[in-house]
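Participant: Before I ask anything, here is the structure I am working with.
Every number here is computed from the coordinates shown, using simple stated rules; none is lab data. Please read these numbers as outputs of a predicted model, since none were measured by experiment. Cβ placement follows ideal geometry from the backbone for every residue including glycine, while neighbour counts extend to all protein chains displayed.
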Amino acid sequence: MNRCFDAIVVGGGIIGLSSAYQLSQKGLKVGVIEKNFPGFGSTTRCIGGIRQQFSTEASIKLMKESVSQFQQMEEIFGFSVDFYQGGYLFLAYSQDNLDSFIKVSHLQKSLGLDIRLLSVAECLEIVPCLNQENLMGGVYSPDDGQAYPFKVVEGYIQEIKKNNSSILTFLEVSDIMIEKNKVMGVILGTGEKLYSDIVLNAAGPWAGEISKMAGLELPIFPEKHEAFITDRQEHLFNTMIVDYRSDGCYFQQLVNGQVIGCYTPVPNQPGTEVNASRKFLIEMSKRTVRLIPELKKANVLRHWGGSYSMTPDGSPFIDKTDINGFYIAAGMSGHGFMFSPAIGKFISDIIIDDQYPFHWDEFKIHRDCSRTELMK
Ligand SMILES: Cc1cc2nc3c(=O)[nH]c(=O)nc-3n(C[C@H](O)[C@H](O)[C@H](O)COP(=O)(O)OP(=O)(O)OC[C@H]3O[C@@H](n4cnc5c(N)ncnc54)[C@H](O)[C@@H]3O)c2cc1C
């Protein structure tokens, strides 16, 4: 028997799930195809940070929509996703950092964000246990925060199933069916064909491979990142702390007291290999304790690897493609969890109504990729 769907989503990560949720809310019968289990890719390896402090109008608008949806999730899902607005504090250790925070804050404020440029003393009011050595100031946005990725995944799965749609697990898409430049569906590794005239590529770090199956070359490259989590600590701070130095890191304290964090490896580590390294464990511990000396008494419970999916300019591709009916939402860098509620909504508008919600050049596949995000 041939299975047919109104829309097929390749990838059961947070982007595929939020897109499937929105498409199914609009009445489409959606099939999400996931080669492992939902969240297996980057999604359940992420640290759950959510911020609106970006340097472009489109990303800020995207994140305002996301935050508004995170605020409503508990009501929609019927359980908490641990969404908590404890803020984001970016620390500055050079005049260049401070200047770029000031420059970007004008745009952020003009779009309605509560952005506060802070002296060192004001940074210490937000995080009293912060080591102030070499610190020159910071920028703080109290409305940013965190949520628990596992709960958000669970909520979307629940709602997708309620909407007459399904998540097919442990099935790998091995080819995309195209006739006369129009998508017809996908072929699974089992040989089964699934039919639909809408296919969304939401395969995260593997999105470049899925695009290739459709004959498209898109610059999406996986890169390795690692994270750690400590045991529960007394409540020390509310905010995500971001240290932008080349040997910096970023971390937050979860609502249950655990501290979770990462750093960006220099040089970057291309590929989908996700082993947890001893080097990361040692470095991350040092960098965390350098900022919050009190955390030297914390024990690291676990550390792990995952993939970012990178594009040349750090912004995702959220667009239709040159093949009719074939869409993409991928290349999320370190922002796919926070972007996901808005991306689900906006890609479903693009798919169903052929409408971009606002000036969309930053996310189109045929853009000039030479720009870089100032607040990576
Ligand atoms: C250490 C770390 C920390 C992070 N911290 C944050 C953070 O604080 N905030 C934030 O917003 N983001 C963060 N991120 C980034 C975030 O995790 C990703 O951007 C996001 O999860 C991407 O979601 P996705 O759905 O695009 O990809 P994924 O979650 O990777 O989902 C893609 C899915 O596609 C499936 N798939 C691939 N190929 C096929 C195929 N052929 N057939 C069927 N299925 C297939 C995969 O199995 C996978 O489950 C972090 C990432 C890492 C690694």
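Participant: Between Ile282 and Lys64, what length comes free when the chain is fully extended (0.36 nm per residue of separation minus the Cα-Cα distance, one decimal in nm)? Don't skip to the answer; put the middle values down first.
Facilitator: Working: separation 218, 0.36 × 218 = 78.48 nm, distance 3.59 nm.
Residue separation times 0.36 nm, minus the Cα-Cα distance, leaves 74.9 nm.
Participant: Along the Cα→Cβ direction, 7 angstrom out, place labels at Leu124 and Asp349. What is the inter-label distance in nm?
Facilitator: 4.6 nm
Participant: Could I ask something else about it? Calculate the spin-label point distance for Phe170 paired with Glu209, positioning each point 7 Å from the Cα along the beta-carbon direction, and give it in nanometres.
Facilitator: 1.9 nm
Participant: Okay, next question. How far is the Cα center of region 215-274 from the Cα center of region 32-54, in Å?
Facilitator: Result: 13 Å between the Cα centres.
Participant: Also: Name the long-range amide H neighbours of Leu118: under 5 Å, sequence gap of 5 or more, or other chain; modelled H, no Pro or chain starts.
Facilitator: Under 5 Å from the amide H of Leu118 lie the amide H atoms of Gly138, Val139, Tyr140, each far enough along the sequence or on another chain.
Participant: I would also like to ask the following. Can you find, among Ile343, Pro293, His359, the residue sitting farthest towards the positive end of the charge dipole of region 272-376, where Lys and Arg contribute +1 and Asp and Glu -1 at Cβ?
Facilitator: Pro293
Participant: How large is the dipole of the chain about the Cα centre if only Lys and Arg carry +1 and Asp and Glu carry -1, each at its Cβ, rounded to the nearest 20 debye?
Facilitator: 560 debye
Participant: Can you check what the net charge comes to around Asn181, using other residues whose Cβ is under 13 Å from the Cβ of Asn181 (Lys, Arg +1; Asp, Glu -1)?
Facilitator: Taking every Cβ under 13 Å from that of Asn181, the sum is 0.
Participant: Is there a quick way to get the dipole size of region 82-176? I mean about its Cα centre, with the Cβ of Lys and Arg at +1 and of Asp and Glu at -1; what is the value in debye to the nearest 20?
Facilitator: 260 debye
Participant: Next question. Most exposed first by the Cβ proxy, i.e. fewest other Cβ within 10 Å, how do Val242, Val32, Val152 rank?
Facilitator: Values: Val242 22, Val32 30, Val152 26.
Ranked by crowding around the Cβ, least crowded first: Val242, Val152, Val32.
Participant: At a Förster radius of 51 Å, what calculated FRET efficiency corresponds to the Cβ-Cβ distance of Glu217 and Asn275, to the nearest 0.05? Write out the running numbers ahead of the final one.
Facilitator: Details: r = 29 Å, r/R0 = 0.56.
With a Förster radius of 51 Å, E is 0.95.
Participant: Considering only the other residues whose Cβ falls under 9 Å of the Cβ of Leu254, what net charge follows from Lys and Arg at +1 and Asp and Glu at -1?
Facilitator: With Lys, Arg at +1 and Asp, Glu at -1, the neighbours total 0.
Participant: While we're here: Do the sum for the chain: with -39,500 (n - 2.57) for every DSSP H run of n ≥ 4, divided by all residues, what is the mean residue ellipticity at 222 nm, to the nearest 500 deg cm²/dmol? Working shown, then result.
Facilitator: Details: 8 runs with 109 residues, N = 376.
Mean residue ellipticity, 222 nm, calculated: -9500 deg cm²/dmol.
Participant: Something else about it: Would you work out if region 173-220 is rounded, prolate or oblate? Take a ≥ b ≥ c from the square roots of the eigenvalues of the alpha-carbon gyration tensor; rounded if a/c is under 1.5, else prolate when a/b is larger than b/c, oblate otherwise.
Facilitator: Taking the square roots of the gyration eigenvalues as a ≥ b ≥ c, region 173-220 is oblate.
Participant: Ok, one more. Which distance in nm do the two modelled labels at Phe358 and Gln72 give, with both placed 7 Å along the Cα-to-Cβ direction?
Facilitator: Roughly 1.7 nm, to one decimal.
Participant: Near Ala203, within a Cβ-to-Cβ distance under 12 Å, what is the net charge of the other residues, with Lys and Arg +1 and Asp and Glu -1?
Facilitator: -1
Participant: Let me ask something else. For the chain, just the Cα atoms, rotate onto the principal axes and tell me the three extents in Å, largest first.
Facilitator: Principal-axis extents of the Cα atoms in the chain, largest first: 65, 41, 41 Å.
Participant: Report the full-extension gain for the segment Glu294 to Asn2: residue separation times 0.36 nm, less the Cα-Cα distance, to one decimal in nm.
Facilitator: Details: separation 292, 0.36 × 292 = 105.12 nm, distance 6.00 nm.
Once the chain is fully extended between Glu294 and Asn2, it gains 99.1 nm.
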